[in-house]
Amino acid sequence: MQLVRQRGSRGAWGAFCAVCLGRFGKPGKPGGRGPRGPLGWAALLTRLVRAALLGGLVPPGRLTARGRLAPPRQRVPLAPGARHLRLTRLVGTAQPARLVRLPRPPRQRRPRRTRCRFVAAALLAASLGTACGARDAGPGATALGGPQPAAGRQAQPLTPSGAISAYVERYRRAQAARAAAAKKWGLKQTPLTPPAPPAVKPDIAFRKGFEVGDPGLPPVFTTVPTEDRVVFLTIDDGAEKDPELLRMMAELDIPYSAFLSDYLVREDYGYFRRMQDKGVALHNHTLNHRYMPALSYAEQKREICGQQDVIEKRFGTRPTLFRPPYGNYNRDTLRAAASCGITAVPLWAAEAFPDRMEWREWDRDLHPGDIVLTHFRGRSHWKGTMADMVRQAMDTITARGYAVARLEDYVG
């Protein structure tokens, strides 16, 4: 059996002294304490010198009465780099204790805590702060939401934690402003925030039953293929030009798209230019809102391409989306649209009114990617205003767990 000095109970020097003192007991008491005879202290001194020359390591063996090292009875091999000291003694014998080095027991490493999530969040927040800051930052603020530096001083770059804090603060303020706007405009719930636009737009194909026999023509569809819980709000024609609509949609930060007919828009191009300045995309709904299948190919082309020219002249963009009046079309309609630069023909899956919703699908519900239609109308046409229509549509969309996204981020 071995008596082992556990780690931390006594230092290497103390263990060494204990061995030395333990080897020189009183006469007749092996292993006792105190020097034995006149040569005891000389032997101890010899042992101390040898220990100093060997760096504190006492070779296994025993001392004679004259203080000399006798040949060791058994040597314990030392492992490379071993630094752990243990004091051993055979119990029940007169053999002196020996101080040897044994290998350090393997050390168990604690698992490192991964910081990948923190790094990814920091990078995402920094990129979002850079991309969105210029739009959201007001006068006297930097792109990341911090204050402008004093004149003549250079702004200090934000650390990842600073970027996260700036982004969180800006997001909190935006949500608070949106909640206040929802309360101001009488919405039952604050509209949900849509997810980030897809990196790659989904492939659009004809809805089943809406084909015209030529898959190369602009596809007609009512729902955008996506798994995001988003829908798209579109407004047709341009009859009602309610300034309250512009304020309401801007304060609520709800994206929408406008499909315009020139015979109604020409009364006030400025209204739709202000709408465009607020980020609304303007698309084609023909010049005069005629029933397209009743027209010849040349007449349809004039209706579609003529409106393309008007929008490009008045608003500086040439649309790629076209919606036929009443949702009616034939093969000539799509051929004419394609010749004018149209790439897709979105119809609708639901229609919003101030007092109700109408549905295309049998389940009378929304689905991811559904397109919602409404019109520029007022009290002379409806039982309410444009603001009433927005309340009805947004309360329905939000209550069913959907956010309104920008159609052009997914199509076109």
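The values are calculated or read from the model by the stated rules, or taken from the named source; none is laboratory data. Being a predicted model, the structure only gives us computed values, none of them experimental. Here the Cβ is made from the backbone with ideal geometry for all residues, glycine too, and neighbour counts use every protein chain on show. These area figures cover heavy atoms from the full protein model, side chains too; ligands, DNA and RNA do not enter into them. Shrake-Rupley method; radii C 1.70, N 1.55, O 1.52, S 1.80 Å.
On the first, second and third principal axes, largest extent first, how far apart are the outermost C-alpha atoms of region 275-357 in Å?
Projected onto its principal axes, the Cα set of region 275-357 covers 38, 30, 21 Å.
What list of ³J(HN,Hα) couplings, whole Hz, do you get for region 285-299 from phi and the Karplus terms 6.51, -1.76, 1.60, once you set θ to phi - 60° and write x for glycine and proline?
Each residue of region 285-299 in turn: 9, 6, 5, 10, 6, 9, 6, 5, x, 7, 9, 6, 4, 5, 5 Hz.
Which GluC sites (Glu not before Pro) in region 348-411 sit in a loop by DSSP (not H, G, I, E or B) and have at most 15 other Cβ atoms within 10 Å of their own Cβ?
Details: sites: E351, E358, E361, E408; in loops: E361.
Sites meeting the loop and neighbour criteria: E361.
Could you please report the charge total around S257, scoring K, R as +1 and D, E as -1 over all other residues with beta-carbon less than 11 angstrom from its beta-carbon?
Charge balance in the 11 Å sphere: -1.
Pull up all non-local amide H partners of S257: gap of 5 or more, or a different chain, and H-to-H distance under 5 Å with H placed in the peptide plane.
Under 5 Å from the amide H of S257: L233, T234, I235.
Which net charge results for the neighbourhood of G341, defined as the other residues with beta-carbon distances under 14 angstrom from its beta-carbon, given Lys and Arg at +1 and Asp and Glu at -1?
+1
What net charge is computed for the residues neighbouring A350, neighbours being all others with C-beta under 10 Å from the C-beta of A350, Lys and Arg scored +1, Asp and Glu -1?
Net of charged neighbours comes to -3.
What part of the accessible area of region 254-412, given as a whole %, is carbon or sulfur when the probe is 1.4 angstrom?
Ligands and nucleic acids excluded, carbon and sulfur reach 45 percent.
Can you pick out the pairs among K241/K278; K278/K383; K183/K278; K241/K301 whose Cα atoms lie more than 25 Å from each other?
From the list (K241/K278; K278/K383; K183/K278; K241/K301), the Cα-Cα distance tops 25 Å for K278/K383; K241/K301.
Loop only per DSSP, at most 13 neighbouring Cβ atoms within 10 Å: give me the trypsin sites (Lys or Arg not before Pro) in region 325-412, ordered by residue number.
The qualifying sites are R356, R364, R379, K383, R400.
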